[in-house]
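Below is one structure; the comments refer to it alone.
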Amino acid sequence: MTSRWIDITSTTGETYTGYLSLPPTGKGPGLVLIQEIWGVNEHIRTVADQYAADGFVVLAPDVFWRQSPRIELKYDDVDTPKAFGHMQALDQPAAVKDLVGAVNTLKALPEVTGKIATVGYCMGGRLSYLTAANSPDVAAGVAYYPGAINTVMDQAATLTAPVQFHFGGLDTYITHAVREAVIDTLGDRDETEIYVYENADHGFSCWGRAMYNQNAALLAHGRTLQFLAEHLA
């Protein structure tokens, strides 16, 4: 993949950076890939390259730029508490404005020749949903095990884009009650898809973590690609 860091203009007017990965053809529909709490680390950059290989122009914004620009954390006992600290200190409304700016920045790139979607993991899953609810240019949103998603269900009032959710049935962070809040609010929408992987834990799609579940990850990735193919056509 061809990749580089580029400048992104937030809707607040401030500038920060994101990791851009281009597909083999050099052009295609756009995808804003939203990080977990460990930053735009090697894993997230590899996921961006994976989606680029699938044909998307992928932009992974540096969500924590206001705290520690381009922070890159590992999935270990030293860095994980730092990651949670950054998540807890995040100004969520400002982050959503930054991500809407990322959508706008991506839309303006000459390499983007189609619609734009958002895909996010954990904290990024919640932000993917919120970005879809706050940007008219998001044609579809995907959220993997979105943390605290039940606390932002009021944003569904402004949501017009199709959305897809992936949950692990063994997830103790995102409990059955949290999933039920999503189902109760969005389950009746024709353009909502909700999947629960009963034998998978939180973070099941991340091969850098102990809870990685290849079977669930493959199923979820395939469903994500099908969903994006349907709504970005």
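The values are calculated or read from the model by the stated rules, or taken from the named source; none is laboratory data. Here the structure is a predicted model, which is why all the values come from computation and not from measurement. Here Cβ is always computed from backbone atoms with ideal geometry, including for glycine, and neighbour counts include all displayed protein chains. What goes into the accessible areas is simple: the full protein's heavy atoms, side chains included, and nothing from ligands, DNA or RNA. Shrake-Rupley method; radii C 1.70, N 1.55, O 1.52, S 1.80 Å.
Inspect all residues belonging to the stretch 130-143 and state whether any of them is open to solvent by 50 Å² or more (accessible area, probe 1.4 Å) and under 24 Å from Tyr212 (Cβ atoms).
no
Going by the structure shown, is Ile44 in a loop (DSSP other than H, G, I, E, B), within 13 Å of the chain's Cα centre (by Cα) and over 16 Å from Thr105 (Cβ atoms)?
In short, no.
Can you give me the number of residues within the stretch 50-74 that are open to solvent by 10 Å² or more (accessible area, probe 1.4 Å) and part of a strand (DSSP E or B)?
Number satisfying all stated conditions: 1.
Return the residues of the stretch 1-48 that are among the small types (Gly, Ala, Ser), open to solvent by 10 Å² or more (accessible area, probe 1.4 Å) and under 20 Å from Ala117 (Cβ atoms); say none if nothing qualifies.
Correct list: Ser3, Gly26.
Got at least one residue in the stretch 122-137 being out of contact with any helix residue (DSSP H, G or I) (no Cβ under 7 Å at 6 or more places or on another chain), under 23 Å from Gly169 (Cα atoms) and in a strand (DSSP E or B)?
No, there is no match, as no residue in the stretch 122-137 is out of contact with any helix residue (DSSP H, G or I) (no Cβ under 7 Å at 6 or more places or on another chain), under 23 Å from Gly169 (Cα atoms) and in a strand (DSSP E or B).
Considering (1) open to solvent by less than 40 Å² (accessible area, probe 1.4 Å); (2) aliphatic (A, V, I, L, M); (3) more than 16 Å from the chain's Cα centre (by Cα), say which one Leu219 fails and leave the rest.
(1)
Does Gly101 satisfy the criteria of being open to solvent by less than 30 Å² (accessible area, probe 1.4 Å) and either under 22 Å from Val182 (Cβ atoms) or in contact with an Asp or Glu (Cβ under 8 Å, 6 or more places away or on another chain) (or both)?
no
Scan the stretch 8-41 for residues that are under 19 Å from the mean Cα position of the chain (by Cα) and under 23 Å from Asp137 (Cβ atoms) and report the count.
21
Go through Val152, Val119 for me and flag whichever is assigned to a strand (DSSP E or B), open to solvent by less than 60 Å² (accessible area, probe 1.4 Å), at pLDDT 95 or above and touching a helix residue (DSSP H, G or I) at 6+ places or on another chain (Cβ under 8 Å).
Val119
Against the condition open to solvent by 20 Å² or more (accessible area, probe 1.4 Å) and assigned to a loop (DSSP other than H, G, I, E, B), how does Thr80 come out, does it pass?
no
Between a residue in the stretch 158-171 that is without any contact (Cβ under 8 Å) to a residue 12 or more places away in the chain and over 10 Å from Arg189 (Cβ atoms) and any residue that is surrounded by 24 or more Cβ atoms within 10 Å (Cβ to Cβ) and of a type outside the set (A, V, I, L, M), which pairs come within a Cβ distance under 7 Å, given they are 6 or more apart or on different chains?
none
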